[in-house]
Structure formats: C-alpha cells, structure tokens
1. What's the number of the condition ASN123 fails, among (1) under 30 Å from GLY37 (Cβ atoms); (2) polar (S, T, N, Q); (3) within 27 Å of the chain's Cα centre (by Cα); (4) surrounded by fewer than 21 Cβ atoms within 10 Å (Cβ to Cβ)?
2. From the list ILE163, ILE187, ILE177, ILE167, exactly one residue is open to solvent by less than 70 Å² (accessible area, probe 1.4 Å) and at pLDDT 90 or above. Which is it?
3. Scan region 428-440 for residues that are surrounded by 18 or more Cβ atoms within 10 Å (Cβ to Cβ) and of a type in the set (A, V, I, L, M, F, W, C) and report the count.
4. Out of (1) part of a helix (DSSP H, G or I); (2) touching a residue at least 40 places away in the same chain (Cβ under 8 Å), the odd one out for LEU435 is which?
5. Looking only at region 388-415, count how many residues are modelled with pLDDT under 85 and not β-branched (Val, Ile, Thr).
6. So which residues in region 445-480 are small (Gly, Ala, Ser) and either touching a residue at least 12 places away in the same chain (Cβ under 8 Å) or loosely packed, with under 14 Cβ neighbours inside 10 Å (or both)?
7. Suppose the filter is open to solvent by 60 Å² or more (accessible area, probe 1.4 Å), in a loop (DSSP other than H, G, I, E, B) and under 15 Å from TYR362 (Cα atoms); does ARG425 pass it?
Amino acid sequence: MTRTQKAARNSVFAMLLILVAELSNFAVRTVMVRELGIEYSGVSALFTDILNVLSLTELGFGTAAAYALYKPLHENDQKRIVSLMAYYRKVYLIIAGAITALGFICLPFLGKIVKDVPNIKENIAIVFLLYVAKSVSSYVLVYKATLLDANQQSNIVSIVTVINTLIFTVLEIIALIFFKSFIFYLILLVSSVIIKNLAISLAAKVKFPYLSKQKPDELSKQERTDLRKNVGALSVYKVCDVLQKSVDSIVISIMLGTAAVGYLANYRMVQTNVDSLFGQLLEASLPSVGNLAVSENKDRQYSVYLRLTMLGFLIGNFITVSFFVLIEPFVAVWLGGKYILNIGVAVVLSANLYIMTMARPYESFRTANKLFVEGKYRPIVMTVINIGLSVLFCKYWGIIGVIIATAIARLTTHVWYDPWLINKRVFNRSFTKYLFVKFIAALIVAFDCFITKKLTSFIDMGSPWLNLIICVPICLIVPNLISLLVVFHTKEFKELKVSIMKVLSPFMQKIKKF
C-alpha cells in the first residue's frame with residue numbers, strides 16, 4: 001500500500017472516529033444541559049481547557065517522538081524502535097506525575113476562576129480532581145499509540161476509540177438521565193480513557209511483538225540531547241497551540257462568569273468537531289509527509305505541498321461557509337433559540353475555522369522537515385498578543401471581543417510567518433506569490449459566505465427543523481460549485497484530482513468485482 005493510500009485509509013477511519021465522537025459529544029452535552037443545566041456545561045468546558053493548559057508539561061514531546069520514529073520504522077530498525085519506546089514510556093510517566101502535582105497546586109485558586117455557578121451542587125474541588133485524573137490517565141500507555149500513528153496505522157487507534165466511545169457514551173447518558181449524577185459521569189469519563197489506552201497498548205503489542213521480546217538499550221547522550229532540543233523548540237509551539245484553544249474560556253469565566261463559557265462552548269464544540277472531522281483529510285497525511293521528508297527531494301515535497309494546499313482550500317471554503325450559515329439554525333434545533341449568540345460570534349469563529357484549516361499543510365511540512373527551532377519566538381509573540389487583547393477586548397465587547405483577539409493574534413503572526421519559513425527553508429520558492437494566492441483565496445471564501453448567507457436569509461418555513469433541512473443542500477452546492485469553477489483549470493487542482501483517483505482506484509476495482 002502506498003503512502004497516499006495509507007493516508008487515505010487513515011483519513012477514512014479517523015473521520016469515522018470523529019463522526020462517532022461528535023454524535024457522542026452532542027448527545028452527552030444535550031443531556032447535560034437539559035438535565036443538569038448550562039452551568040455544568042460551562043464547568044465542563046472550563047476545566048477541560050484548564051487541564052489543556054496543565055498538559056503543557058508534555059511540551060510537544062509526542063510530536064518530536066513521532067518524528068524520531070519515522071526513520072527507524074522506514075528502515076525496520078527494531079532495536080532502535082524498542083529503545084525509543086522504552087525512553088518514551090519513562091518520559092510520559094514523568095509527564096503524568098507533573099500534571100498530577102500541578103492539578104493539586106491549582107486547587108486553592110479554583111474559587112477565583114469558577115464564578116457565578118449557583119446550580120453546581122457538587123464539590124468543585126472533587127470535580128476538578130476527576131478532570132485531573134482524566135488528563136493523567138490519557139498519558140498512561142499513550143506512547144504506544146504514537147508508534148502506531150508514526151507507522152501509518154492510526155486506523156487501529158481509531159477503531160479501538162470508536163468502540164470505546166460508543167459503549168461509554170451510553171453509560172454516561174444513563175448516569176446523567178437516571179442518576180442525575182455529574183460525579184458518576186466523570187468517573188465513567190476517567191474509566192473510558194484508561195480502558196481505551198489499555199486496548200491500544202494490547203493492539204500495539206500484537207502489531208509489534210518485538211517490543212516485549214527485545215531488551216531496550218539506553219539512548220545515547222547525543223540522541224537524548226537531540227530529542228530534548230527538538231522538544232524544547234516544539235514546546236513553544238505547544239504552549240501557543242494550547243493557550244490559543246484554552247485561554248478564551250479562562251478569560252471569559254474570570255471576567256463574565258462560568259455560565260458565559262457554557263454558551264460559547266456550544267458554538268466552539270460545533271466548530272471544533274467540524275474542524276476535527278474535515279481536518280483529518282489533511283492531518284492523516286502527516287506520517288506520509290514525514291516519510292516523504294526522509295526519502296524524497298524538495299521538488300517532490302513541493303508538488304505534494306501544493307496538492308495538500310489546494311485540498312485545504314477546497315475543504316476550508318466548504319466548512320467555513322457551512323459553519324457560518326448553519327450554526328444559528330443548528331443551535332436553534334439542538335438547544336433552542338435562547339442559546340443563539342450574536343451573529344458576530346459566528347463571523348469570527350468562521351474566520352478562525354478557515355485559518356486553522358489552511359494552516360494544516362504548512363504545519364505538517366514544518367514538522368516533517370524538523371523546523372522546530374527556527375521561528376520559535378513567533379508563538380510567544382502570538383500568545384502575548386492573544387492574552388493581552390483577550391483581556392482588553394473582553395472588557396469592552398464581551399465574548400466576541402475574546403474570539404476577535406484570537407483571530408488578530410493568528411493573522412499577525414502564524415498566518416504569514418510559518419508559510420514564509422517553509423517557502424524559504426524547504427522549497428526555496430517565492431513567498432510573495434504565496435501571499436497573493438492566499439489573499440485571493442480568502443476573498444473567494446468571503447464572497448461564498450456572503451452569497452450563501454444571502455440565499456438562505458430568504459428561507460423562513462416557520463420551523464427551525466425545516467429551515468435547517470433546506471439550508472443544508474444550499475451549503476453543499478453553492479460554495480463548492482463556486483470554488484470548483486475558480487480552480488478547476490489550475491495545475492494544482494488537476495494534480496490533486498489525479499492523486500485522488502489513484503487513491504480511489506483500488507476501492508473502485510473491488511466494488512466492480514463485487
């Protein structure tokens with residue numbers, strides 16, 4: 001099976017996993033809001049984001065670990081793989097211990113962070129410690145999932161996670177409906193993480209039997225130094241990524257109250273799920289890009305990069321327009337009209353969604369080509385801008401001010417610097433041309449949003465369900481038709497189409513035989 005076909009297979013399984021996870025999240029959040037109240041949803045989102053910040057102790061180690069495995073897996077160097085995995089196990093146990101310690105350190109400050117939650121009857125400290133336990137559990141045995149991912153076998157992780165998710169979603173809903181117990185729900189949440197990791201560990205043992213048969217050697221001092229150097233550089237990117245995703249909830253909770261976090265969390269959950277689902281079409285290519293970087297020349301990499309960028313535009317255009325147009329009717333159907341926020345929130349979240357989608361191709365190539373150290377101060381600047389503007393804008397504009405701050409921070413740093421670094425250090429290509437193309441692409445997406453929103457604005461069937469049902473096909477047709485009309489004649493699109501047909505060819509042949 002080729003790199004592209006493995007990436008396609010992993011994408012399919014990853015998308016299946018995300019679909020199941022999305023349905024699970026929607027089901028559980030709906031039951032939680034209706035049975036326990038919006039405050040519980042706010043606390044859940046807030047504590048998840050706080051633990052994301054505490055997980056900064058991982059400092060990008062997983063990414064560096066995956067990269068270090070690409071070459072020995074490509075060469076089938078079993079001895080080195082065993083040694084690396086033994087080292088990773090020690091590191092992840094240290095990380096789990098560090099998160100536990102930081103969780104207890106945070107306990108005295110919970111009262112200043114969690115505000116205006118009169119309907120939370122459980123002890124906040126116990127709730128928080130259960131979220132800490134969930135986070136710590138996620139690092140137990142997780143190093144073996146890294147091996148499967150690096151070997152382009154993430155479909156195994158996806159299958160295990162899907163089965164685990166389906167079983168525990170049912171149990172969690174039972175806990176919320178019949179027992180109305182948030183604590184019981186959290187205990188099940190922790191249990192699901194532990195059982196999933198145990199199952200993945202067993203699958204890795206079956207796929208790589210030499211892990212338990214060969215005795216690991218100590219990594220050399222130089223190997224550990226190189227790994228720490230990459231982790232040190234990646235830590236800055238990790239800090240930036242986590243703070244971008246988590247600081248909004250913390251600022252809103254402190255300045256506006258935890259219930260406000262719950263309202264925004266509904267929108268952000270939809271945004272995150274859409275981004276995760278369609279982003280897998282790009283993220284599943286990371287192991288392939290890593291293999292490409294150690295086995296092919298720069299021209300070959302650039303050709304693949306252009307195809308992934310074109311795919312990113314087509315995906316980004318579709319999901320950005322769809323999110324912008326459908327989020328309000330969807331929330332009206334899902335939770336009710338009282339949970340719909342100002343349209344400005346949808347505008348800025350849509351812009352952030354497009355930015356995140358378009359970032360995936362150059363992030364993959366930056367990681368695959370070990371550009372960890374170069375530009376390591378860029379994320380620091382972005383983080384400072386984000387936090388400073390979030391606090392300032394929240395004071396004057398509330399929730400929408402916080403997410404505007406996130407968009408500005410990305411636009412002034414991440415959006416231009418990382419592509420510049422890739423074009424200069426990896427491809428030696430014109431960055432000016434890149435900027436021009438991306439500017440035109442952004443204008444096309446904005447135009448698609450305007451046209452599609454205008455068309456759907458005339459729809460009023462008197463029922464949120466009917467409005468949503470009619471808007472969906474419009475979002476499927478209009479933005480995709482416009483984008484295809486714009487790019488169908490380009491070289492990048494033609495090459496992307498050829499790649500897609502090659503991936504689909506084996507499956508089409510099987511269908512014909514069947």
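The values are calculated or read from the model by the stated rules, or taken from the named source; none is laboratory data. Please read these numbers as outputs of a predicted model, since none were measured by experiment. Here Cβ is always computed from backbone atoms with ideal geometry, including for glycine, and neighbour counts include all displayed protein chains. Side chains are part of the model used for accessible areas, which takes the heavy atoms of the whole protein and leaves out ligands, DNA and RNA. Shrake-Rupley method; radii C 1.70, N 1.55, O 1.52, S 1.80 Å.
1. It fails just one condition, (3).
2. Result: ILE177 is the single residue among ILE163, ILE187, ILE177, ILE167 that is open to solvent by less than 70 Å² (accessible area, probe 1.4 Å) and at pLDDT 90 or above.
3. Taking region 428-440 first, the residues surrounded by 18 or more Cβ atoms within 10 Å (Cβ to Cβ) are 434.
Those left that are additionally of a type in the set (A, V, I, L, M, F, W, C): none.
Qualifying residue count, region 428-440: 0.
4. So LEU435 meets the others, but not (2).
5. 1
6. Initially, region 445-480 is screened for residues small (Gly, Ala, Ser), giving 446, 457, 462-463.
Answer for region 445-480, where residues must be small (Gly, Ala, Ser) and either touching a residue at least 12 places away in the same chain (Cβ under 8 Å) or loosely packed, with under 14 Cβ neighbours inside 10 Å (or both): SER457, GLY462, SER463.
7. On the way: open to solvent by 60 Å² or more (accessible area, probe 1.4 Å): yes; in a loop (DSSP other than H, G, I, E, B): no; under 15 Å from TYR362 (Cα atoms): yes.
No; evaluated as a whole, the condition is false for this residue.
Table: residues versus (1) assigned to a helix (DSSP H, G or I); (2) among the aliphatic types (A, V, I, L, M); (3) more than 18 Å from SER322 (Cβ to Cβ); (4) modelled with pLDDT of 95 or more.
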position	(1), (2), (3), (4)
ILE459	no, yes, no, no
GLY462	no, no, yes, no
TRP465	yes, no, no, no
LEU468	yes, yes, no, no
SER483	yes, no, no, no
VAL486	yes, yes, no, no
HIS489	no, no, yes, no
PHE493	yes, no, yes, no
LYS497	yes, no, yes, no
